[in-house]
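Here's the structure we're looking at; comments come further down.
Read the figures in this text as sums done on the coordinates, not as results from a lab. Note that the coordinates shown come from a computational prediction; the quantities given were computed from them, not determined experimentally. Cβ sites come from the backbone with ideal geometry, for glycine too, and all protein chains shown count toward neighbours.
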């Protein structure tokens with residue numbers, strides 16, 4: 001029986017197969033570590049040498065244990081969600097675990113939203129959606145892990161609400177949580193009264209504690225896997241395509257009833273009934289949108305998915321879920337939201353249908369723009 005090797009930083013069992021899981025170390029690095037007698041997982045190595053936190057995922061059971069711990073401590077909870085996948089990036093049942101602890105809800109990636117979108121409208125919608133899920137955030141904040149000026153407001157909010165308590169930062173995978181934490185560390189390294197980053201007292205298997213000046217900690221937790229995220233059906237290259245990197249440029253289409261728009265091969269929008277009208281797609285600038293006739297849409301998808309319609313790529317379509325349709329009767333200007341991709345604004349009354357991979361949400365909301 002092979003002896004288990006463990007990371008000297010966090011105690012995780014070393015493995016070389018999956019870089020997204022706890023304990024990952026590249027094989028070449030492991031061999032050197034065995035020679036020196038000091039084996040660090042990649043996460044601890046980067047934390048130790050670069051003050052950089054990498055996201056890892058926990059199993060559902062592991063994360064439930066962590067949530068129980070949060071509920072038993074007196075702390076501020078900072079829940080980071082993805083503005084483009086709000087429902088898919090909410091932690092299921094978080095409200096049952098936080099106890100009396102306040103929750104600050106942080107919508108990440110605000111920098112890529114069109115400037116015409118009213119931030120107050122978006123924050124109100126996020127608050128309403130959170131309430132529907134049983135979560136009562138003490139405040140809602142929009143931020144960007146990529147823009148330092150947005151971080152100042154986040155840090156002020158954390159100080160305002162933490163009241164000399166620990167701060168737990170939680171979120172599902174792929175919401176940009178670790179990028180946000182790294183920005184916090186870089187931004188506050190020279191601020192005397194906030195986060196001290198000169199040394200970390202050590203990491204644990206399930207979280208990283210960043211000491212605060214008053215003896216409390218900002219605690220970064222691993223991302224939980226939410227099984228209904230669009231991101232889980234895609235590879236790293238395709239994630240770059242669907243996740244907007246720059247401000248979205250809206251694409252407007254004049255459609256007659258009986259026409260269909262494909263968002264790559266990931267989603268589909270059918271205009272079933274109504275007067276000729278304009279429809280505006282708010283998706284990543286790199287995601288190609290194709291128009292076709294509704295009556296031929298099924299055959300068009302079957303023929304072109306993985307090639308003209310991608311992502312997904314041709315070698316991924318065998319594992320890609322079937323698209324499932326949701327029909328809506330529209331009375332007023334409405335957004336059809338494809339979780340993880342963006343949305344299409346329907347300007348006039350009519351009947352439409354939105355399609356997404358099985359398990360991924362298509363929902364409506366009053367138009368934000």
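Here are some notes:
- GNM remark for the chain: springs join alpha carbons under 10 Å apart, and the peak mean-square fluctuation among 28, 329, 284 falls on 28.
- By average C-beta atoms within 10 angstrom, highest first, the peptides 67-78, 155-166, 175-186, 336-347: 336-347, 175-186, 67-78, 155-166
- Within the chain, percent of DSSP bridges classed antiparallel, to nearest 5: 70 percent
- Between 0 and 90°, nearest 10: helix 177-188 axis offset from the chain longest Cα axis: 50 degrees
- Remark: relative contact order (the chain) = 15 percent; criterion is Cα-Cα distance under 8 angstrom and separation of 6 or more residues.
- Largest GNM mean-square fluctuation among 262, 271, 326, using the chain with Cα springs under 10 Å: 326.
- Each residue in 277, 93, 217 was given a count of other beta-carbon atoms within 10 angstrom of its own, and listing them fewest first yields 93, 277, 217.
- Shape metrics for segment 100-178, restricted to C-alpha atoms - Rg then Dmax, Å: 12.8, 38
- Using the Cβ-Cβ distance between residue 289 and residue 96 with R0 = 51 Å, the FRET efficiency computed as 1/(1 + (r/R0)^6) comes to roughly 0.80.
- Added length on full extension, which subtracts the Cα-Cα distance from 0.36 nm per residue, residue 276 to residue 327: 16.5 nm
- Sorting the segments 302-313, 106-117 by their mean number of nearby beta carbons within 10 angstrom, highest to lowest, gives 106-117, 302-313.
- For segment 242-369, share of DSSP beta bridges that run antiparallel, in % to the nearest 5: 100 percent
- Crossing angle, helix 27-36 versus the chain [Cα axis fit, 0-90 degrees, rounded to tens]: 10 degrees
- Segment 60-148 - percent relative contact order, Cα under 8 Å, separation 6 or more: 32 percent
- Each of (i) 23.2, 80; (ii) 22.2, 73; (iii) 29.6, 94 is a candidate for Rg and Dmax of the Cα atoms in Å; the one calculated from this structure is (ii).
- Ranked 41, 7, criterion: other C-beta atoms within 10 Å, fewest first: 7, 41
- Normalised contact order of segment 236-349, rounded percent, pairs of Cα under 8 Å and 6 or more residues apart: 28 percent
- Acute angle (nearest 10 degrees) that the helix 60-72 long axis makes with the longest principal axis of the chain, alpha-carbon atoms: 70 degrees
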